[in-house]
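To start, the structure under review is shown below, and the notes come after it.
Every read-out reported here was derived from the displayed coordinates using simple, explicitly stated rules and does not represent laboratory data. This structure is a prediction, so every number in the text was calculated from the model and none was measured. Cβ coordinates were reconstructed from backbone atoms using ideal geometry, including for glycine residues, and neighbour counts include every protein chain displayed.
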């Protein structure tokens with residue numbers, strides 16, 4: 001792939017990409033990257049532009065239709081045998097569609113490259129083919145052939161080399177029309193037709209070559225007699241009639257696989273017809289594992305039915321070695337780190353139950369469901385933030401404060417103004433946040449911040465961030481670092497070099513109790529939980545967290561362990577205690593979890609943080625290195 005096309009693909013996959021990461025992915029210097037971006041900018045302008053802000057590149061699209069046209073032109077120009085991937089697909093396609101051995105010289109001539117280039121390509125190809133239990137065999141003077149079970153050859157070509165192997169778009173359109181008709185009769189969306197057509201083209205062309213799939217391996221026999229198999233029989237009959245070929249029993253079973261392994265249909269009745277797997281118990285195990293490991297309870301979600309159907313078809317794909325295309329997914333682990341963490345827990349449960357590995361694409365799709373769970377719960381439980389301004393310095397000053405707050409908080413926030421005489425405990429009982437414009441004491445359960453200079457918006461924003469975790473604000477509504485904003489010097493620990501994760505948990509928790517910053521028994525409980533749950537997210541970052549029993553305040557503490565870059569061991573420990581408040585504990589946990597996971601992906605930032613010795617240094621490093629959402 002040419003660099004400009006590669007850059008565009010990377011930018012489309014995420015909201016923004018760090019310049020150094022993009023240069024590293026391309027294997028070029030920052031200067032070369034900047035030069036390539038000038039070329040790319042000229043290709044997509046004025047429909048789109050690439051911006052560079054705080055060292056991160058971002059793609060902005062002003063005219064979607066114009067951008068799509070420019071993108072198609074760029075990608076079409078990208079097909080070149082200068083690309084090793086294009087050569088690999090051409091070689092496999094030629095071997096897959098040839099009835100006789102293919103000589104290396106023939107491949108070199110067809111691609112206009114040297115013989116040594118083809119030899120090098122074959123070395124790389126053999127490694128890829130080995131993963132699919134296939135081989136390239138043959139002698140130099142006789143020719144090469146693709147060897148391996150017919151079904152595995154078909155699956156490999158479908159996954160990696162279809163476009164290069166079957167470039168006839170007219171044939172693909174004709175088979176797609178047949179797939180659309182059969183799908184419509186079966187109640188399947190026309191969106192499934194393209195994938196069905198790809199499988200149909202493979203079956204059609206292999207039948208024409210006489211490469212029969214006499215019968216499916218025993219593992220696949222359970223497909224026979226299912227609604228998916230009935231669908232495949234109708235599809236095979238349509239192909240056979242239209243193109244005058246014979247598709248046998250094995251071909252019918254082959255054509256059932258994209259149905260039994262498709263993305264779950266939206267129609268519940270149709271989905272249940274083709275699912276072929278009972279996963280009720282598996283879904284319960286997944287939710288229990290997420291709750292046990294992450295302390296986030298997803299029971300009762302309105303989308304559990306959709307999730308169960310997705311898992312059912314996912315199990316089919318794992319069982320029958322079918323894949324999903326996640327090329328349009330983007331980097332979901334960066335975009336939604338908490339949901340992706342849930343997906344890794346779920347994938348571990350599924351893998352243990354199935355005895356098969358879960359591919360990264362499947363983990364990504366699982367994460368999309370968990371993100372929907374989290375977002376839908378937030379939407380269902382969302383209540384406007386209730387803010388009361390206690391105006392001790394006059395109504396004009398109070399109105400200025402109200403205007404400043406309105407710029408900082410979500411648009412849905414409800415702000416009322418009271419005089420000190422009106423600000424009784426009863427009047428403030430429903431407030432989520434109280435802002436006082438003088439230094440007088442305010443009697444209420446909600447967090448209170450005091451404003452002295454009414455036009456000092458930065459100071460006001462800083463104070464609000466200090467109580468951020470006590471407010472019903474979703475992570476997307478918060479600016480700056482959650483950790484830095486909610487931390488203070490009493491909750492920061494510069495731990496000794498070589499401190500282990502277990503030692504760090506015990507020391508921090510004991511100190512918090514001794515300082516009367518944690519409820520009695522907190523240390524024993526979090527030490528026990530840290531020992532039995534996966535509280536260490538990776539080698540560098542730990543996140544021990546529990547629900548508090550006797551306080552409504554959030555407890556957040558951070559410990560850093562000084563370490564050299566190549567030294568093993570824990571570096572950052574983020575300790576969290578969340579109050580047992582229905583509808584709020586999970587919100588707090590998710591907000592902190594999100595930032596901790598993002599931090600875990602920034603080893604450069606962790607390397608800076610583990611060298612700080614004071615809370616103030618920690619604050620400045622976090623504030624000057626935004627993690628982004």
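Taking packing as the residue-averaged number of other Cβ atoms within 10 angstrom, the listed peptides 203-211, 592-600 run from highest to lowest as 592-600, 203-211. Our helix-only sum for the chain, with -39,500 (n - 2.57) per DSSP H run of n ≥ 4 divided by its residues, gives a mean residue ellipticity at 222 nm of -16500 deg cm²/dmol. Decide, for segment 57-212, between rounded, prolate and oblate: order the square roots of the alpha carbon gyration tensor eigenvalues as a ≥ b ≥ c, take rounded if a/c falls under 1.5, and otherwise choose prolate if a/b is larger than b/c, else oblate. Oblate, because a/c is 1.5 or more while a/b does not exceed b/c.
Of interest is the spacing of the C-alpha centroids, which for segment 1-54 and segment 480-531 amounts to 42 Å. Once you treat every alpha carbon in segment 274-381 as an equal point and sum by Debye, what is log10 I(q)/I(0) at q = 0.14, 0.19, 0.23 Å⁻¹? Reported log10 I(q)/I(0), two decimals: -0.51, -0.97, -1.43. On a 0 to 90 degree scale, rounded to 10, what angle separates helix 30-44 from the longest Cα axis of the chain? It works out to around 70 degrees. Of the beta bridges in the chain, as assigned by DSSP with both residues counted there, near 50 percent are antiparallel. Spatial offset of segment 420-447 relative to segment 340-380 amounts to 43 Å, using the alpha carbon center of each.
Extension gain for the segment residue 106 to residue 421, taken as residue separation times 0.36 nm less the Cα-Cα distance, is 104.1 nm to one decimal. Normalised by 2.2 N^0.38 Å, where N is the number of residues, the alpha-carbon radius of gyration of the chain equals 1.16.
The share of alpha-carbon pairs in segment 386-466 lying farther apart than 20 Å comes to 20%. Angle of helix 227-243 to the longest C-alpha principal axis of the chain, folded into 0 to 90 degrees and rounded to 10: 40°. For the listed peptides 408-416, 429-437, a ranking on the average number of other beta carbons within 10 Å per residue, highest first, reads 429-437, 408-416.
Peptides 86-93, 293-300 ranked from most to least packed, by the mean per-residue count of other Cβ atoms within 10 Å: 86-93, 293-300. To the nearest Å, what is the center-to-center distance of segment 283-318 and segment 187-261, using C-alpha atoms only? That distance is 31 Å. Measuring max minus min along each principal axis, the C-alpha atoms of segment 1-67 give extents of 31, 23, 18 Å (largest first).
One quarter of the convex hull surface built on the alpha carbon atoms of segment 337-435 amounts to 9.0 nm², the projected area averaged over directions.
Averaging the inverse of every distinct alpha carbon separation and then flipping it gives the Kirkwood radius. What is it for segment 482-623, in angstrom units?
So the Kirkwood estimate lands at 15.0 Å.
Suppose R0 equals 45 Å; then what is the FRET efficiency for residue 218 and residue 116 from their Cβ-Cβ distance, rounded to the nearest 0.05? Working from the Cβ atoms, E equals 0.55. Going by alpha carbons, how many degrees (0 to 90, nearest 10) lie between the helix axis of 84-97 and the longest principal axis of the chain? Rounded to the nearest ten degrees, it is 40.
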